[in-house]
Each structure stands twice: as C-alpha cells, then as structure tokens.
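Accompanying notes for the structure given below.
The values are calculated or read from the model by the stated rules, or taken from the named source; none is laboratory data. Since this is a predicted model, take the numbers as computed values, not measurements. No Cβ is skipped: glycine too gets one built from the backbone with ideal geometry, and neighbour counts run over all protein chains shown. Side chains are part of the model used for accessible areas, which takes the heavy atoms of the whole protein and leaves out ligands, DNA and RNA. Shrake-Rupley method; radii C 1.70, N 1.55, O 1.52, S 1.80 Å.
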Amino acid sequence: QVQLVESGGGLVEAGGSLRLSCVASGRIYQINAMGWYRQAPGKQRESVATITSGGSTNYADSLKGRFTISRDNAKNTVYLQMNSLKPENTAVYFCNADMWTVGQTQFRNYWGQGTQVTVSS
C-alpha cells in the first residue's frame, strides 16, 4: 500500500521552529513533485511550498524567507523547515506527492493524513 506519512508537528511558542517530515512508502517507481499544504480551522486548504524532483521550489508569498522545503530523493522524503513561527501558522499540515506506483500506468496524486502544528502566542 502506497502512503505518505507526516511527522514533526506539535505545539510551539511564537518565534519557535519546527521541522516536518513526510515519507513516501510502498511500491513506488518514481516521485515527481512533492509539497506541503495546510488547512486552518474554517479555511480552505492552501499551498505552503512545493518542490520538483530536480529541486526547484515554490513558496506561498507570505511564507518566503521563513519556511524552507527540501527533499531527499533516496529516502522518498520531503521536509519543511518552519522558522519564526506565528500563531497564524497554526493549521493541519498535509504532505502531497505525484507518484507512479506499481500497478498504475500513470502518475497519481497522493495525500498524507496531516500533522497538527499549533503556535501559541
């Protein structure tokens, strides 16, 4: 079974840092773009950052300079380093990836189950 599993969320004070990790597991041929999205209570899910298999990155404008996305292709893992966190960054953070897996004839989009990030003021 192919899945994305996030870890690293938790409770942190404003100004603090967290590092999220997401590991893709299962019978995977290839992973293209990976990314992080978030959903705050009462709001729509939004993109935080994405990264291609070649390492090109894209960030939400409001998060540039504080959040950094990276990946380790050998480990099928994507990371999100979050610095100078603010209470408005509180949300469930979801991992996302386009993966070509055994039994499939094309890439499909997968989501993780999400990890809660809470920033206290």
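Around Ser53, under 15 Å between beta carbons, what's the net of Lys plus Arg minus Asp minus Glu among the other residues?
Every neighbour counted, the sum reads 0.
At 0.36 nm per residue, minus the direct Cα-Cα distance, what do Arg45 and Ser121 gain on full extension? Give it in nm, one decimal, please.
25.1 nm
Take the chain, connect every pair of alpha-carbon atoms lying under 10 Å apart with a spring to form a Gaussian network, then pick out the residue of Phe94, Phe107, Phe67 with the largest mean-square fluctuation.
Phe107
In the stretch 27-100, what percentage of the DSSP-assigned beta bridges are antiparallel, given to the nearest 5?
Here the share of antiparallel DSSP bridges comes out near 95 percent.
Using a 1.4 angstrom probe on the protein heavy atoms only, could you order Glu46, Glu13, Glu6 from most to least accessible area?
So, going from the largest accessible area down, we get Glu13, Glu46, Glu6.
Could you let me know the centre-to-centre spacing of the stretch 70-89 and the stretch 25-66, using Cα atoms, in angstrom?
So the two Cα centres are separated by 9 Å.
Run the reach check for Lys64 against lysines, Cα to Cα strictly under 25 Å, same-chain hits fewer than 8 apart removed. What comes back?
Lys43, Lys86
By the scheme Lys and Arg +1, Asp and Glu -1, what is the net charge of all other residues having a beta-carbon under 15 Å from that of Asn89?
+3
Report the full-extension gain for the segment Asn109 to Ser53: residue separation times 0.36 nm, less the Cα-Cα distance, to one decimal in nm.
Answer, rounded to one decimal: 18.7 nm.
Considering the alpha-carbon set of the chain alone, what are its Rg and its Dmax in angstrom?
Calculated on Cα positions, Rg and Dmax stand at 14.2, 48 Å.
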